Amino acid sequence: MRRAWTGPVLMLIAGAGAATGPFLQGRTGTGAVLVLVFVLLAGLTSPLVFPRSVGASQARRRSAVDGRPVVFWRPGCAYCMRLRLRLGRRARRLYWVDIWRDPAGAELVREANGGDETVPTLLMAGRTYTNPDPAWVREQVSSPR
């Protein structure tokens with residue numbers, strides 16, 4: 001759990017450090033903008049932006065019942081963030097598995113990617129897709145099953 005928050009916390013610390021100079025020089029506007037930018041970046045790289053993660057076994061069981069895809073991701077991954085943001089509200093239709101919190105999910109990703117933990121990895125209808133195009137995923141989620 002701590003590993004997932006390391007990046008966002010470091011981002012906040014860096015933001016505080018970057019804003020200290022302008023605040024001490026009396027440029028409060030610049031300091032406030034820097035703080036705001038770093039808080040926004042910390043939020044975007046945190047697990048808070050993603051739908052609630054479920055375990056890999058639970059996600060696979062649910063997916064077998066309703067046919068919804070499973071996305072294996074990890075916090076701080078730019079490609080996972082791109083997929084999440086491009087899906088918008090449709091992201092709730094997928095099952096999200098944080099591989100840093102679920103060893104079974106991490107193992108499945110390594111099996112699918114030749115030993116690498118390459119994310120996002122999508123599991124749909126028994127097939128895995130590594131770093132799929134967000135437009136294609138959006139199309140798959142939008143199509144009636």
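No lab work stands behind these numbers, since they all come straight from the coordinates. Note that the structure is a prediction, hence the values are computed from the model and not measured. When we count neighbours, we look across all protein chains shown, and the Cβ atoms used for this are built from the backbone with ideal geometry, even at glycine.
Go through segment 117-124 residue by residue and turn each phi into a ³J(HN,Hα) via Karplus (6.51, -1.76, 1.60, θ = phi - 60°); whole Hz please, and just put x for glycine and proline.
8, 7, 10, x, 10, 9, 10, 9
As I understand it, the value is the acute angle between the Cα axis of helix 2-24 and the longest principal axis of the Cα atoms of the chain; what does it come to in degrees, rounded to 10?
So the inclination is approximately 20 degrees.
May I ask you to compute the full-extension gain from Leu44 to Thr130, defined as 0.36 nm times their residue separation minus their alpha-carbon distance, rounded to one decimal in nm? Show your work: numbers first, answer last.
Values: separation 86, 0.36 × 86 = 30.96 nm, distance 2.18 nm.
In short, 28.8 nm is gained.
For Arg61 and Arg3 in the same chain, what is the full-extension length gain: residue separation times 0.36 nm, less their Cα-Cα distance, in nm? Write down the numbers at each step before the final one.
On the way: separation 58, 0.36 × 58 = 20.88 nm, distance 2.71 nm.
In short, 18.2 nm is gained.
I'd like the Kirkwood hydrodynamic radius of segment 2-47, using the inverse of the mean 1/r over distinct C-alpha pairs, in Å. Walk me through the numbers on the way to the answer.
Working: mean 1/r = 0.0943 Å⁻¹.
Every distinct Cα pair counted, the radius reaches 10.6 Å.
Please report, in debye to the nearest 20, how large the charge dipole of segment 50-142 is about its Cα centre when each Lys and Arg carries +1 at its beta carbon and each Asp and Glu carries -1 there. Provide the component values of the computation, followed by the final result.
Working: 17 positive and 9 negative charges, 110 e Å.
For this selection, approximately 520 debye.
Tell me the mean residue ellipticity at 222 nm calculated for the chain from its helices only (DSSP H runs of n ≥ 4, each -39500 (n - 2.57), averaged over every residue, nearest 500).
-17500 deg cm²/dmol
Want the number for Arg90 to Arg52: 0.36 nm per residue separation, take away the alpha-carbon distance, what's left?
Details: separation 38, 0.36 × 38 = 13.68 nm, distance 1.37 nm.
Net length gain for the segment: 12.3 nm.
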